[in-house]
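Values quoted throughout were computed directly from the atomic coordinates according to the rules given, and no laboratory measurement underlies them. The shown structure was predicted, so the numbers you read here are calculated from the model rather than taken from an experiment. Because the Cβ atoms are built from the backbone with ideal geometry, glycine has one as well, and the counts that use them run over all protein chains shown.
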Amino acid sequence: MRNLAAVTDPAESVLLRLSAIVELTEGDRDLLRNAGASTQRKIAVRRELISEGEPVSRPLMILAGWGARIRVLSDGRRQILSFVLPGDLIGVGRQRGALASSTVLALKDMVVAEAPCEQLLPDDSSLPAAYVASSSIDEFYLQSHITRLGRLTAYERCADFLLEIGERMSLAGLTEKNSFRMPLTQECLADALGLTSVHINRTLQALRKDGVISACGGRVTLHDPSALAHLVDHRRAPNIRRRAA
């Protein structure tokens, strides 16, 4: 796992994730590094990065921090549709000015930057293909989430979710020996997995008791991801060139 305090390239997570999808040219890498260094900005925790129904003016890349795509009902109930992690892209492949279909909220202080614009890329750039593949993977995870909510038990939901987060963090170079930081409260997990906070607590305790996971201080360790994936019928995202560790 990278020592985040020592990282000098703000776009490193994005570079690692996209390199796992498509072979990037050195020019592509320079474009991502320059964009990460020159256009980055901070989004404080609990602030909205994007608001539902507003135009998305430029595609964004997530350099650091955690966010969530959310829908809030009129009575205040919240559904977390997906989580936004370092290395992720937002709004690529969409028509400029397209309206956001959900709000993106910072769950932890975030650093974001503008992704290189597709219309301004050189002809030999691999970034358009990387953007398409990235969007395809995001759609795969969204479909997995629908299946998770519709057909899996509470135990399977939590296990499947943790496997997905572990894979995604690994692609961004943020895991070590199947261990990763996950700064989510049980309330966030409940809003994402369609369970109560009490049910989340009991299910995580069951996963610990079974020796499936360890969790302490915001760090989660998956003890045997392959066996757990087989147990809950977890499916990895396609189009990934490099296997998540």
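Annotations for the structure displayed:
- Amide hydrogen proximity for residue 88: with H placed 1.01 Å from N in the peptide plane, the residues at 5 or more positions away or on another chain lying under 5 Å are 62.
- Length-normalised contact order for the range 78-227 - Cα pairs under 8 Å, 6+ apart - percent: 26 percent
- Between the amide H of residue 107 and those of 46, 66, 67, 68, distances stay under 5 Å, these residues lying 5 or more places away or on another chain, with hydrogens modeled in the peptide plane.
- 19 Å Cα-Cα reach of residue 42 towards aspartates and glutamates, excluding residues that sit fewer than 8 places from it in its own chain: 9, 12, 88, 109, 114
- Residues in the range 14-30 carry Karplus couplings, in order, of 5, 4, 5, 5, 5, 5, 6, 9, 9, 6, 8, 7, 5, x, 4, 4, 5 Hz; the curve used is 6.51 cos²θ - 1.76 cosθ + 1.60 with θ = phi - 60°, and Gly or Pro positions show x.
- Each residue of the range 81-90 was assigned a 3J(HN,Hα) from its phi angle through the Karplus curve 6.51 cos²θ - 1.76 cosθ + 1.60 (θ = phi - 60°); the sequence is 7, 6, 9, 10, 10, x, x, 6, 10, 10 Hz, with glycine and proline shown as x.
- Amide hydrogen neighbours beyond the local backbone of residue 174, cut-off 5 Å, H modeled: none
- Ordering of 48-55, 146-153, 16-23, 158-165 by burial proxy (mean other Cβ atoms within 10 Å per residue, highest first): 158-165, 16-23, 48-55, 146-153
- Table column - 3J(HN,Hα) (Hz), the range 43-55, Karplus curve with 6.51, -1.76, 1.60, x for Gly and Pro: 10, 6, 3, 6, 9, 8, 7, 9, 10, 4, x, 8, x
- For the pair the range 108-185 / the range 47-103, the C-alpha centres are spaced 13 Å from each other.
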